[in-house]
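Engineer: Okay, handing you the structure first.
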Amino acid sequence: MDQIKNIVFDLGGVLLDIDYQRSVSAFEKLGIEHFEKMFSQYHASELFEKLERGELSNAEFYAAIKKRLRTEVNEEEIEAACNALILDFRIKSLEFLEKLAATHKLYLLSNTNSIHVQFFKKRFTTQTGKSSLDAYFTKAWYSNEIGMRKPGPEIFEFILQEEKLKAAETLFIDDTLDNIETAQKLGFKTHHLLPTERIESLDSLT
């Protein structure tokens, strides 16, 4: 850790528990079959990519989903299906961030959309009693706000330039291998976080 000055964290599967199957089941109940082909940990259809890059408004997204359905559903039902995958924050992991912040600059880099952001920020406050998830970090980047998403190299190059960071001094932690591989090619130190791992237990961080 001596040469690591900065740590960039993914959100879902790293600091926040998620279960994609819950959204798959919810959308299938609404009438979309094989929803996992549209959105999963490893794949996003063009519709979801646009949503995660902020190129679609929520209203445009809801309208596009409705066109795929044979039955009438309202926006609240679609929103609930989108957010079904979001579970709880890992409290011990969040507490560990406070310790790391004493010695490192911490950043958040998340592929997400405004529907999810509104939901998980409320979940954060409800669960922790704190007002701001972003306060744990020097900077929090959400794909829908900056118009780029992982695993594209441009999003990693953006954060290096934006914060004047050196890749060799920066550790990137993510639960998706494609994202890790891009970061490695750009010179980042990386850790692919497995489902059984928690950041507060990693030898490289303790």
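Engineer: Which whole-number percent is the relative contact order of the stretch 1-126 (Cα, under 8 Å, 6+ apart)?
Structural biologist: Values: 121 pairs, mean separation 54.2, N = 126.
That works out to 43 percent.
Engineer: Which far-off residues, 5 or more places away or on another chain, put their amide H under 5 Å from the one on residue 89, with H placed in the peptide plane?
Structural biologist: It is 17, by chain and number.
Engineer: Let me ask you something else. With angles folded into 0 to 90 degrees, how steeply does helix 114-128 sit against the dominant principal axis of the chain? Use alpha carbons for both and round to 10.
Structural biologist: Helix 114-128 sits roughly 60 degrees off the main axis of the chain.
Engineer: Starting from the amide H of residue 190, placed 1.01 Å from N in the peptide plane, find each other amide H under 5 Å away whose residue is 5 or more places distant or on another chain.
Structural biologist: Distant-sequence amide H within range of residue 190: 172.
Engineer: Restricting the count to DSSP beta bridges whose residues both fall in the chain, what percent are antiparallel, rounded to a multiple of 5?
Structural biologist: Details: 3 of 20 bridges.
Percent antiparallel among DSSP bridges in the chain is about 15.
Engineer: Something else about it: Using only the Cα atoms of the chain, what are the Rg and Dmax in Å?
Structural biologist: Both quantities, over Cα of the chain: 17.3, 58 Å.
Engineer: In the stretch 70-136, what trypsin sites (Lys or Arg not before Pro) fall in a loop by DSSP, with at most 12 other Cβ atoms inside 10 Å? Before the final figure, lay out the partial values.
Structural biologist: On the way: sites: 70, 90, 92, 99, 105, 121, 122, 123, 130; in loops: 70, 90, 130.
Of the trypsin sites (Lys or Arg not before Pro), the ones in loops of the stretch 70-136 whose Cβ has at most 12 other Cβ atoms within 10 Å are 70, 130.
Engineer: Which of the trypsin sites (Lys or Arg not before Pro) across the stretch 143-187 are loop residues per DSSP, with 14 or fewer other Cβ within 10 Å?
Structural biologist: Values: sites: 149, 164, 166, 185; in loops: 149, 164, 166.
Of the trypsin sites (Lys or Arg not before Pro), the ones in loops of the stretch 143-187 whose Cβ has at most 14 other Cβ atoms within 10 Å are 164, 166.
Engineer: Separate question: Sequence neighbours fewer than 8 away in the same chain don't count; with that in mind, list the aspartates and glutamates whose C-alpha is under 17 Å from residue 29.
Structural biologist: Partners found: 19, 72, 75, 76, 77, 79.
Engineer: Over the residues of the stretch 118-167, compute the C-alpha Rg and express it relative to 2.2 N^0.38 Å.
Structural biologist: Values: Rg = 13.4 Å, N = 50, 2.2 N^0.38 = 9.7 Å.
Ratio of Rg to 2.2 N^0.38 Å for the stretch 118-167: 1.38.
Engineer: So, how do all the Cα-to-Cα distances of the stretch 20-83 break down into 5 Å bins, in percent, from 0 on up?
Structural biologist: Per 5 Å bin, starting at 0, the Cα pair percentages come out as 4, 18, 31, 29, 16, 2.
Engineer: What are the ³J(HN,Hα) couplings of the stretch 79-84, residue after residue, when phi is run through the Karplus curve with 6.51, -1.76, 1.60 and θ = phi - 60°? Round to Hz, x for glycine and proline.
Structural biologist: After applying 6.51 cos²θ - 1.76 cosθ + 1.60, I find 4, 5, 5, 4, 8, 4 Hz.
Engineer: What list of ³J(HN,Hα) couplings, whole Hz, do you get for the stretch 188-200 from phi and the Karplus terms 6.51, -1.76, 1.60, once you set θ to phi - 60° and write x for glycine and proline?
Structural biologist: Whole-Hz 3J(HN,Hα) from phi for the stretch 188-200: 5, 6, 9, 9, 7, 7, 7, x, 8, 9, 9, 4, 6.
Engineer: Counting other C-beta atoms within 10 Å, which of 148, 38 has the fewest, and how do the rest follow? Don't skip to the end; give the middle numbers.
Structural biologist: Working: 148 21, 38 18.
By the 10 Å Cβ count, ascending: 38, 148.
Engineer: Of all the stretches in the chain, which is the longest one without any exposed loop site, taking GluC sites (Glu not before Pro) in a DSSP loop (any state but H, G, I, E, B) with at most 10 other Cβ atoms within 10 Å? Walk me through the numbers before you get to the answer.
Structural biologist: Working: sites that count: 33, 72.
Longest run free of exposed loop sites: 73-206.
Engineer: Please list, ordered by chain and number, the residues whose modelled amide H lies under 5 Å from the amide H of residue 141; skip anything fewer than 5 residues away on the same chain.
Structural biologist: For residue 141, whose amide H was placed from the backbone, the distant partners under 5 Å are 108, 109, 110.
Engineer: DSSP loop (so not H, G, I, E, B), at most 12 other Cβ within 10 Å: list which chymotrypsin sites (Phe, Trp or Tyr not before Pro) in the stretch 1-72 pass both filters.
Structural biologist: Values: sites: 9, 20, 27, 35, 39, 42, 48, 61, 62; in loops: 42.
Hits after loop and neighbour filter: 42.
Engineer: For the stretch 100-105, what does the Karplus curve 6.51 cos²θ - 1.76 cosθ + 1.60, with θ = phi - 60°, yield as ³J(HN,Hα) per residue in whole Hz, taken in order and with x for Gly and Pro?
Structural biologist: Those phi angles translate into 5, 5, 6, 10, 9, 7 Hz.
Since every read-out is calculated from the coordinates, none of them should be taken as a lab result. Fair warning: this is a prediction, and the values are worked out from it, not measured in the lab. Don't worry about glycine lacking a Cβ; one is built from the backbone with ideal geometry, like all the others, and counts go over all protein chains shown.
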